[in-house]
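Notes for the one structure printed next.
The values are calculated or read from the model by the stated rules, or taken from the named source; none is laboratory data. These numbers were taken from a predicted model, which means no experiment stands behind them. Cβ sites come from the backbone with ideal geometry, for glycine too, and all protein chains shown count toward neighbours. Remember, those area values only see protein heavy atoms, side chains included, never the ligands or the DNA or RNA. Shrake-Rupley method; radii C 1.70, N 1.55, O 1.52, S 1.80 Å.
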Amino acid sequence: MQQIETVCVYCGASSGHDAEFARFASAFGTACARRGLGVVFGGAAVGLMGRVAEGALGAGGRAVGVVPRFMEEAEFPAAGLTELVVVESLHARKQKMFELADGFVALPGGLGTLEEAFEIITWRQLGLHDKPIVLASCGDYWKPLVALLDHVVATGFARRDVAGLYAVAESVEEVFERLSA
Ligand code: AMP
């Protein structure tokens, strides 16, 4: 398997109701920095995105943000980013994040996070890449999603090996184990 140097993080522009989500995001950013892994993310200061960046940058790591020009004001950039890449569309953002990363981690998030995570899973299903994808559950957050995917398989709309396209991790430590498994 390819050595992982940069991890793409998909996560919420919100922080959710439980403070544990923000703690997890910050701890994940810090853990990436301590392992020498760079982070690529949506670039924003808000929500879990901001916490990941703070964690990574605060521990001396690299955090590269990729933001569509039209969103720069709504989701203003996190402070002190290693680099802010401005692109022209949401599609270009996802393509750029894909190109810059060797693996993908979805922390808790909303519709944008779901969309990003599903796209990268479907690209793997289609054989467009073979980079690892980890759903970082932080408690039970992704449990309903995994149940939905099981349902999709059970009803005959996806092959059984779909479950092999992604891994699920409960703790920050387990995310790294799954990424390098
Ligand atoms: P959310 O999970 O909804 O809080 O969104 C997380 C990030 O995904 C935010 O930066 C959103 O702007 C972004 N986002 C929302 N929809 C898309 C999309 N279709 N493609 C790429 N990024 C998106």
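Which number in (1) touching a residue at least 12 places away in the same chain (Cβ under 8 Å); (2) open to solvent by less than 40 Å² (accessible area, probe 1.4 Å); (3) part of a helix (DSSP H, G or I) marks the one condition that ALA163 misses?
If we test ALA163 against (1) touching a residue at least 12 places away in the same chain (Cβ under 8 Å); (2) open to solvent by less than 40 Å² (accessible area, probe 1.4 Å); (3) part of a helix (DSSP H, G or I), just (2) comes out false.
Considering only the range 82-105, I want to know if a residue exists there that is open to solvent by less than 40 Å² (accessible area, probe 1.4 Å), part of a helix (DSSP H, G or I) and either over 30 Å from ASP161 (Cα atoms) or in contact with a Cys (Cβ under 9 Å, 6 or more places away or on another chain) (or both).
So far as the range 82-105 goes, yes, one or more of its residues are open to solvent by less than 40 Å² (accessible area, probe 1.4 Å), part of a helix (DSSP H, G or I) and either over 30 Å from ASP161 (Cα atoms) or in contact with a Cys (Cβ under 9 Å, 6 or more places away or on another chain) (or both).
What residue, of ALA56, ALA19, ALA13, ALA25, is within 17 Å of the chain's Cα centre (by Cα), modelled with pLDDT of 95 or more and away from the ligand (no atom under 13 Å from the Cβ)?
Numbers: ALA19 fails: within 17 Å of the chain's Cα centre (by Cα); ALA13 fails: away from the ligand (no atom under 13 Å from the Cβ); ALA25 fails: away from the ligand (no atom under 13 Å from the Cβ).
From the options ALA56, ALA19, ALA13, ALA25, the qualifying one is ALA56.
Is it fair to say GLY65 is open to solvent by 30 Å² or more (accessible area, probe 1.4 Å) and not charged (D, E, K, R)?
Working: open to solvent by 30 Å² or more (accessible area, probe 1.4 Å): no; not charged (D, E, K, R): yes.
Answer is no for this residue.
Which of (1) within 16 Å of GLY12 (Cβ to Cβ); (2) in contact (Cβ under 8 Å) with a residue 24 or more places away in the chain; (3) of a type in the set (D, E, K, R) is the odd one out, the single condition GLU115 does not satisfy?
(2)
Report, by residue number, each residue of the range 106-117 that is part of a helix (DSSP H, G or I) and either within 18 Å of PHE176 (Cα to Cα) or more than 10 Å from the ligand (Cβ to nearest atom) (or both). Lay out the reasoning, then the answer.
Going residue by residue through the range 106-117, those that are part of a helix (DSSP H, G or I) are 111-117.
Across the range 106-117, the qualifying residue is only ALA117.
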